[in-house]
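Have a look at the structure below before the remarks.
Quick note: the coordinates plus some simple rules give every number you see, no bench work behind them. These numbers come from a predicted model, not from an experiment. Heads up, the Cβs are rebuilt from the backbone with ideal geometry, glycines too, and the neighbour counts pull from every protein chain shown.
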Amino acid sequence: MTVEGFWYKEYREGRRFIIKMIPGENLVECITKFAYKENVQYAVIMSAVGSVKNARFRGIKSGARLPLTSARINTHELEGPLELLSLTGNIVPGEDVLLDCHLHITVGKSSGEVIGGHLFDAQVFATCEILLTELVVAGIERHHSKSGGVPTIYFSEE
Amino acid sequence: MTVEGFWYKEYREGRRFIIKMIPGENLVECITKFAYKENVQYAVIMSAVGSVKNARFRGIKSGARLPLTSARINTHELEGPLELLSLTGNIVPGEDVLLDCHLHITVGKSSGEVIGGHLFDAQVFATCEILLTELVVAGIERHHSKSGGVPTIYFSEE
Amino acid sequence: MTVEGFWYKEYREGRRFIIKMIPGENLVECITKFAYKENVQYAVIMSAVGSVKNARFRGIKSGARLPLTSARINTHELEGPLELLSLTGNIVPGEDVLLDCHLHITVGKSSGEVIGGHLFDAQVFATCEILLTELVVAGIERHHSKSGGVPTIYFSEE
């Protein structure tokens with residue numbers, strides 16, 4: 001439904017899964033592989049706790065304008081290991097892919113300092129415990145936004 | 001129910017919504033507007049991912065005591081843009097308002113450094129995708145706590 | 001079920017609780033006490049918002065290898081007070097205890113800087129509002145992992 005300033009849709013919850021990833025595995029790759037295996041089209045990360053290494057993520061350059069381009073972002077890679085403090089985001093069908101993950105991460109350094117951003121991928125260090133819930137919904141897809149420069153969810157009503 | 005050190009109540013989940021906010025919109029204002037429109041009295045933010053700019057939030061001054069007063073908090077405003085890494089909190093009926101949002105935010109800077117605190121408001125940058133769940137519960141309200149100095153939820157049994 | 005790189009299991013959601021903790025109480029102690037009182041064996045933290053002081057948590061030393069030992073972690077203690085920005089993790093039956101909490105925290109300092117890690121415990125400052133969901137599942141336990149050095153969930157199928 002469209003309203004002033006936002007779009008929204010009601011959804012129901014489908015199956016719920018607890019997933020434990022093995023050290024060395026790639027987080028985003030694992031989540032994607034899991035979703036294909038269980039035929040989960042829409043999902044949300046409900047909880048994530050564990051530790052990672054070789055985390056690759058991006059931040060947006062200070063003062064950047066839309067659309068986001070590669071010149072307007074900073075890519076970070078941290079060897080770690082790091083405590084995985086939060087992982088948020090969703091899986092939605094994409095334009096060119098059946099499943100498109102949009103995930104943001106925060107991780108804690110040795111010093112206790114927290115860093116994070118838009119997650120490219122990270123390897124599981126000691127363990128990683130994720131709760132993922134399937135969303136029962138239709139008519140939502142992630143497309144490249146020309147004005148925003150980034151993949152963005154669109155409702156079929158838009 | 002009261003017990004030693006904490007109060008609690010069982011709740012059920014009502015409707016669940018996926019909300020997409022348009023660039024330039026105010027996050028807290030949008031969530032409040034949405035809740036009024038759909039007549040959601042109690043809710044929790046289940047997931048949030050996106051990017052923001054002009055984020056205004058507060059931290060508590062080191063060594064501060066209760067009650068919290070304006071002299072005991074620090075207000076921050078960051079132009080950004082910033083990756084939205086987490087948004088947590090709830091909506092509960094307030095003393096003087098039908099709906100009172102209590103939201104905390106973490107955002108990632110260009111450098112990967114994460115900052116955050118008690119959210120006043122922030123503007124959507126490229127996009128903002130929020131999952132919000134209605135709580136079916138009664139007998140909970142947010143009142144100003146004299147001893148704490150901040151709006152705090154109270155159970156009718158207290 | 002076992003697959004390449006990860007283990008997983010479907011679960012259902014049981015009772016859902018909103019918990020308000022009193023200033024001065026210990027967060028992890030309260031959650032544990034609550035779970036025993038309500039006979040919750042498996043649970044996940046769905047949302048947490050509030051403020052804490054005397055937060056004790058750990059980070060993993062940069063460059064550390066598995067298994068994690070006490071020499072490979074850094075313990076931090078911050079008096080604060082601090083805004084509680086996120087609390088993620090789960091409760092699962094342990095080897096020697098009926099209930100074992102695995103929780104990670106992020107908190108915001110006066111400066112807006114966010115720190116965090118694997119939570120030992122923290123005291124509630126002004127208030128703490130937690131949503132906790134019971135998981136209906138069986139055949140999962142947290143055991144000490146010899147290769148990882150840390151308590152890790154195991155599925156009975158492993």
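For the protein assembly as shown, the equivalent ellipsoid derived from the alpha-carbon gyration tensor has semi-axes of 28, 28, 23 Å in decreasing order.
Quick one: net charge around residue A:121, please, counting Lys, Arg +1 and Asp, Glu -1 for every other residue with C-beta under 15 Å from its C-beta. Walk me through the intermediate numbers first.
Values: positive: A:33, A:53, A:56, A:58; negative: A:25, A:29, A:77, A:79, A:100.
Spelling it out: positives minus negatives among the neighbours equals -1.
Between region B:1-75 and region B:113-158, what is the separation of their alpha carbon centroids in Å? If you average the Cα positions of each part, the centres end up 3 Å apart. Derived scalar couplings between HN and Hα for region C:141-155 equal 9, 9, 10, 5, 8, 5, 6, x, x, 10, x, 9, 6, 10, 8 Hz in order, rounded to whole Hz, by the Karplus curve 6.51 cos²θ - 1.76 cosθ + 1.60 (θ = phi - 60°), x for Gly and Pro. Mean partner shielding of peptide A:129-135, defined as the number of other chain Cβ atoms within 10 Å of each residue Cβ, is 4.
Within the set of other residues whose C-beta is less than 14 Å from the C-beta of residue B:71, count the net charge using Lys and Arg as +1 and Asp and Glu as -1. Please report the intermediate quantities before stating the final value.
Details: positive: B:58, B:61, B:65, B:72; negative: none.
Neighbourhood net charge equals +4.
Close amide-amide hydrogen proximity is noted between residue A:125 and A:24, A:51, A:52, A:53, each under 5 Å apart and 5 or more residues distant or on a separate chain (H modeled in the peptide plane; Pro and chain starts excluded).
Rg/Rh for region A:1-97 to two decimals, with Rh computed the Kirkwood way over all alpha-carbon pairs. Please list the in-between numbers first.
Details: Rg = 16.6 Å, Rh = 16.5 Å.
For region A:1-97, the value is 1.01.
Given contacts defined as C-alpha pairs under 8 Å and at least six residues apart, what's the relative contact order of chain A, whole-number percent? So the answer I get is 35 percent.
Extension gain for the segment residue C:95 to residue C:12, taken as residue separation times 0.36 nm less the Cα-Cα distance, is 27.6 nm to one decimal. Between amide H atoms placed 1.01 Å from N, distances below 5 Å from residue A:144 occur with A:152, all of them 5 or more places distant or on a separate chain.
Arranged from fewest to most other beta-carbon atoms within 10 Å of their beta carbon, C:150, B:92 become C:150, B:92.
Taking the beta-carbon count within 10 Å as an exposure proxy, list A:153, A:19 from fewest neighbours to most. Before the final figure, lay out each step's value.
Values: A:153 24, A:19 20.
Taking fewest neighbouring Cβ atoms as first place, the list is A:19, A:153.
So how strong a dipole does region B:33-135 carry about its Cα centre when Lys and Arg Cβ are +1 and Asp and Glu Cβ are -1, to the nearest 20 debye? Mind showing how you got there, number by number?
Values: 9 positive and 11 negative charges, 78 e Å.
Around 380 debye, computed over region B:33-135.
Using R0 = 30 Å, the C-beta based FRET efficiency linking residue B:62 and residue B:157 works out to 0.30. Across peptide A:143-153, the mean count of Cβ atoms from other chains lying within 10 Å of each residue's own Cβ comes to 3.
Placing unit charges on each Cβ (+1 for Lys and Arg, -1 for Asp and Glu) gives the protein assembly as shown a dipole about its Cα centre, and among A:39, C:50, C:71 the Cα reaching farthest toward its positive end belongs to C:71.
For chain C, what is the number of Lys pairs with C-alpha distance below 30 angstrom, counting only pairs 8 or more positions apart or on separate chains? For chain C, the number of qualifying lysine pairs is 15.
Cβ-to-Cβ counts within 10 Å put B:143, A:76, C:104 in ascending order as B:143, A:76, C:104, the fewest first. The string of couplings for region C:57-67 from the Karplus curve (6.51, -1.76, 1.60, θ = phi - 60°) is 8, 10, x, 9, 4, 4, x, 4, 10, 6, x Hz, one whole number per residue in order, with x for Gly and Pro. Sequentially through region C:33-44, phi angles give Karplus couplings (6.51, -1.76, 1.60; θ = phi - 60°) of 4, 4, 4, 5, 4, 9, 6, 8, 8, 10, 7, 9 Hz, Gly and Pro residues having no value and appearing as x. Output the direction-averaged projected area (hull surface divided by four) of the convex hull of the alpha-carbon atoms of region A:46-158, in nm². About 8.2 nm², averaged over all directions. Placing dummy labels 7 Å off each Cα toward the beta-carbon, the span from residue C:141 to residue B:70 is 5.8 nm.
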